[in-house]
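So that we are looking at the same thing, I have put the structure below in structure tokens.
Nothing in this text is a laboratory measurement; each read-out follows from the coordinates by a stated rule. Being a predicted model, the structure only gives us computed values, none of them experimental. Heads up, the Cβs are rebuilt from the backbone with ideal geometry, glycines too, and the neighbour counts pull from every protein chain shown.
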Amino acid sequence: MSEVNDRGTKKWTAMMMPEHEEMLQQMWHEQEYKKKPVLDEQKQFELNAKLQLALQNDLTVEVEYYNHGVHDTQKLRGKLLVTDPLTGTLQFDDEENTAVLLEDVMEVVID
């Protein structure tokens, strides 16, 4: 939001009831929410091919994935350790052994 709108809401929230403030906070949170994009079958096939190529040739990849915690996409860069079809996850070879759900992958770029 712009600073002008924030100033206006700050000015009037002092006179609001707590229930109204909660509803206002919820409304702002819902406005920031981004839905997970739906990928078509061709795009999913392309992503899987890139992931398999990177895994077989030990290449560094940058994976953009939908993060449910922040309702937005985030990027992760590194080498793939394994793709597990049973759990549906990608596991990266980093300090935390980060795992990303395959269904949340939106884009793969091979370096």
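Rank the residues 27, 106 as a footprinting-exposure proxy: fewest other Cβ atoms within 10 Å of their Cβ go first.
27, 106
Something else now. Students often get this wrong: which residues of the stretch 74-109 have the backbone nitrogen under 16 Å from the point 7 angstrom along Cα-to-C-beta of residue 46?
Residues 105-109 fall inside that zone.
Roughly what would the spin-label model give for residue 82 and residue 56, points 7 Å off Cα along C-beta, in nm?
2.0
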